[in-house]
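Asker: I'd like to ask you about the structure that follows.
Readers should treat all values here as calculations from the given coordinates under stated rules, not as data from a laboratory. Predicted, not measured: the structure shown is a model, and the values here were computed from it. Cβ sites come from the backbone with ideal geometry, for glycine too, and all protein chains shown count toward neighbours.
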Amino acid sequence: MKIEIKRSIFATNDQEAEAVRKKLAGLELAAVNLLASPGAGKTSLLLRLLALLAPKMAVGVIEGDVASSIDAEKIKAAGYPVVQLNTDGGCHLSAAMIGPALDQLGLKGPGIVFIENIGNLICPAEFDLGESLRLVEASVPEGDDKPVKYPGIFQTADAIVVNKIDLLGQVEFDPELFNSRVKVLNDRAPVFSVSCRANTGLEPLADWLIKQLTRGL
């Protein structure tokens with residue numbers, strides 16, 4: 001009985017996700033689902049990417065949080081359109097939330113909408129939001145064992161970002177070991193090493209996103 005309920009929830013979400021894809025296509029937009037644990041630097045990564053992408057296309061953010069609008073306010077203060085979604089305790093966003101958020105965002109392409117998901121490496125991996133790409137972010141202070149501990153989210157990634165590489169040598173993190181652990185789970189996803197604080201390594205990631213997402217826009 002529990003398995004049947006779980007499948008029903010996912011089936012409903014999948015239908016909503018297809019509706020989101022159709023809406024995005026009509027707006028000439030592609031969506032990127034950004035997933036990471038709390039503190040990995042999702043909002044910092046978004047701000048760096050938005051600055052690189054905004055001169056070339058329309059950009060906007062759907063900001064997911066359990067509570068508060070702190071991150072959305074940072075995006076807004078930087079001059080980018082943003083819509084806040086609060087789950088009030090929920091551990092993930094769902095596709096049903098994204099359609100109304102797109103209406104509120106009012107963005108038209110060609111362009112990219114980033115969806116900053118709830119800080120969680122488990123629940124969000126199960127829910128399709130209608131995105132074109134899944135971007136999974138890890139950070140050096142979290143350690144190089146994240147792919148082993150949370151394989152599901154790394155298996156679903158289209159690309160992986162390792163943030164805070166400016167801290168290499170100050171904390172225990174083996175980049176080669178991390179990459180090898182990723183490759184065992186997902187050998188198709190490129191790994192980008194960046195420092196949002198030092199503003200390094202972001203251009204190759206932005207270029208990759210443009211190449212992947214603008215083909216059909």
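Asker: What ranking, highest mean first, results for peptides 97-104, 195-202, 85-92 when packing means the other Cβ atoms within 10 Å averaged over each residue?
Answerer: 97-104, 195-202, 85-92
Asker: Moving on. Only Cα pairs within less than 10 Å get springs; with that Gaussian network setup on the chain, which residue of 30, 157, 19 has the largest fluctuation?
Answerer: 19
Asker: Where both residues lie in the chain, what percent of DSSP beta bridges are antiparallel, nearest 5?
Answerer: 5 percent
Asker: Suppose every K and R has +1 on its Cβ and every D and E has -1 on its Cβ; what is the size of the dipole of the chain about the Cα centre, in Debye to the nearest 20?
Answerer: The calculated dipole for the chain is roughly 400 debye.
Asker: Quick one: of 22/164; 74/183; 56/146; 22/76; 56/164, which pairs are farther than 32 Å apart, Cα to Cα?
Answerer: Check vs 32 Å cut-off fails for 22/164; 74/183; 56/146.
Asker: Oh, and also: Using 0.36 nm per residue, how much length does the chain from residue 172 to residue 12 gain when fully extended, once their Cα-Cα distance is taken away?
Answerer: Result for the pair: 53.4 nm of gain on full extension.
Asker: Report the residues of segment 137-161 in range of a label on residue 183: point 7 Å along Cα→C-beta, backbone N strictly under 16 Å from it.
Answerer: 147-148, 160
Asker: Next up: With springs only between Cα atoms under 10 Å, which of 40, 31, 67 fluctuates most in a Gaussian network model of the chain?
Answerer: 67
Asker: If you don't mind, there's one more thing I want to ask. Give me the lysines in straight-line cross-link reach of residue 23: C-alpha distance below 19 Å, same-chain residues under 8 apart excluded.
Answerer: Qualifying lysines at Cα under 19 Å: 108.
Asker: Hey, another quick one. For the chain, which cysteines have no disulfide-compatible partner, meaning no other cysteine Cβ under 4.7 Å?
Answerer: For the chain, the answer is 196, because their Cβ atoms have no other cysteine Cβ under 4.7 Å.
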